[in-house]
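Below: the structure, in structure tokens.
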Amino acid sequence: MAETSQNQASKNNVLDLKDVEKSFGSNRVLQGVNLSISAGEVVVLMGANGAGKSTLVKIIAGVHNADSGSLTLDGEPFLPATPADALRAGVCIVHQAINDCVAPDLSVAQNLLLDRLCNGETGFFFGRGRAAREAGKIAGALDLELDMNKPVRELDLADRQLVGISRALAQNPKLLILDEPTSSLSQREAERLFGIIDRLRQSGVAILYISHRMSDIRRLADRIIALRDGRITGVFEKPLNYEAAVNAMLGHGMEVSKKIAVTRGAKIFEARDVVLKTGCDPFSFSLSGGEIVAITGLVGTGKSELAECMFGLRQPQAGSFLLDGKPYQPLNNRDAVRQGVFMAAKDRANSSMIPGFDISQNLTLPFLPDFTALGTVLRRKERNKAKEMIDWLGVVCQSEQDMLSSLSGGNQQKVVIGRWLSRACRLLVLDEPFQGVDIRARGDIGNKLRETAGDRATLLMTAELDEALEVSDRILVMSNHTIVGEHRTDSVDMDLLLSQISGAVVSPNAAAGHFRKDGIQ
């Protein structure tokens, strides 16, 4: 492991930050940050949620001004007053909150051309035909195969992510900042992005890559910078020491959720001969009280569709559900909640939170009747409940009246999941609960899920195998909209598990829909 200081700035540095400070009120968010990125270099920035990463990016992007310190871009003072200033200077950012990078009501083509249109680069005569051709060229750089006329709001999260990335690449950036860009992408889509990053690196683009995914970091990083509590706590050159980087980021070694021996309770939920998509094989499984079961598989294999069926947002093509031994066929999500089935959706920004509401309002939203009297919301009761949950979950905020949108991604996710943990239920379904969440917050959430499992059945959907192994008692593997394998996490055949995830192995029993109803083959 080589660990160095960044005091010696290279003459080919694209970006240099020196002694950057930023406070919001009494909260010192950044404290003397020094950071440099050279042309053709991929620097990975690691930091727990609340470490100051978003604030740092917003200063570079012209959203915030630094209180003190200096920024230079290509050796010249860099003081963007607005995001438009930063973009004109060659700084492009793909935010973790993908709706900050796209205009949902515009078409794919309009999004890809939006910056050119706003800057007047397209000229006066710019009809639909030319727009389609120009947008097609941009999409081709990322092999983006989408209907150019389709509104972005109708795309799934992964495709929106790709549109945001393509839009940034269209600007020919000097500095590209990518914040958890693979969080919604399949492995194939991620590899496509990695190939483009390699080409950008070769052409001299400086890249700041924010991620906690070790697979991404191992694939891309030239250097790792760890940020904790607003300070740079470690700089790691090749050969990279990942364990030391995590330690510098957290202030301690990696911790995982505390698994304890689980005694499976009564059977709570059953899926019988369910068909999610026409032409796909039926499957069956069951969930018992006290256990946490993960369904893992590549992006697009049907995990979210199954979750939506269980929560009353869609109907399966065939098959049936049982809840506590009785037929369960929710008419909608409200009906599902009434019957004791809760779900935290995958797309947090669009489906799980209201950015304009404060923390307490977001926490209590599904159960608002319990916090009203005579048609009036009992704000003190609502705030007291929120304070209790904030303390229990360890949400980093100023108060329960902070806007949810002002929190880091991990703290937003704690609030979203805490909403459903605030009361007992029969079945809790969590679709990608650790998306955009750092290692520390993932451990916190995993521990709370374990702590509250009780008589509830818990099902989490995740494309990340390490998350499934860390948190769950059993893993079901989904491929092509059916379940093709099942494993206990205390005795996993990793070769078989990986083969099933990749689609290379299909269990004959699974293909016929013959998993036993007790959940074990």
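Figures for the structure shown
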{"quantity": "Shape of segment 144-191, Cα gyration tensor, a/c cut at 1.5", "calculated": "oblate"}
{"quantity": "C-alpha center-to-center spacing [segment 348-373, segment 393-447] in angstrom", "calculated": "13"}
{"quantity": "Fewest-first sequence of 425, 280 by Cβ atoms within 10 Å of each Cβ", "calculated": "280, 425"}
{"quantity": "Burial ordering of 414, 53, 150, 448, fewest other beta-carbon atoms within 10 Å first", "calculated": "150, 448, 53, 414"}
{"quantity": "DSSP bridge pairs, the chain: antiparallel proportion in percent, nearest 5", "calculated": "55"}
{"quantity": "Kirkwood hydrodynamic radius over Cα pairs of the chain, then Stokes diffusion coefficient at 25 °C and 0.890 mPa s, in µm²/s", "calculated": "100"}
{"quantity": "Order of 458, 452 - criterion: other Cβ atoms within 10 Å of each residue's Cβ, fewest first", "calculated": "452, 458"}
{"quantity": "With Cα atoms, 0 to 90° folded angle of helix 187-202 axis to the chain main axis", "calculated": "10"}
{"quantity": "Spatial extent of segment 357-424: Rg and Dmax, with the Cα atoms as the point set, Å", "calculated": "11.2, 36"}
{"quantity": "Efficiency of FRET from Cβ geometry, residue 68 and residue 387, R₀ 35 Å, rounded to 0.05", "calculated": "0.55"}
{"quantity": "Charged-residue dipole, Cβ positions (Lys, Arg, Asp, Glu), the chain about Cα centre, Debye nearest 20", "calculated": "820"}
{"quantity": "Aspartates and glutamates with Cα under 20 Å of residue 385, excluding same-chain neighbours fewer than 8 positions away", "calculated": "358, 370, 400, 402, 444, 451"}
{"quantity": "Proximal aspartates and glutamates to residue 53, defined as alpha-carbon separation beneath 18 angstrom and excluding residues fewer than eight positions away on the same chain", "calculated": "16, 19, 21, 67, 100, 179, 180, 216, 229, 438"}
{"quantity": "Spacing of the two label points (7 Å from each Cα toward its C-beta) at residue 280 and residue 143, in nm", "calculated": "2.3"}
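No lab work stands behind these numbers, since they all come straight from the coordinates. As the structure is a computational prediction, the values presented were derived from the model and not from experiment. Note that each Cβ is placed from the backbone with ideal geometry, even for glycine, and that neighbours are counted across all protein chains shown.
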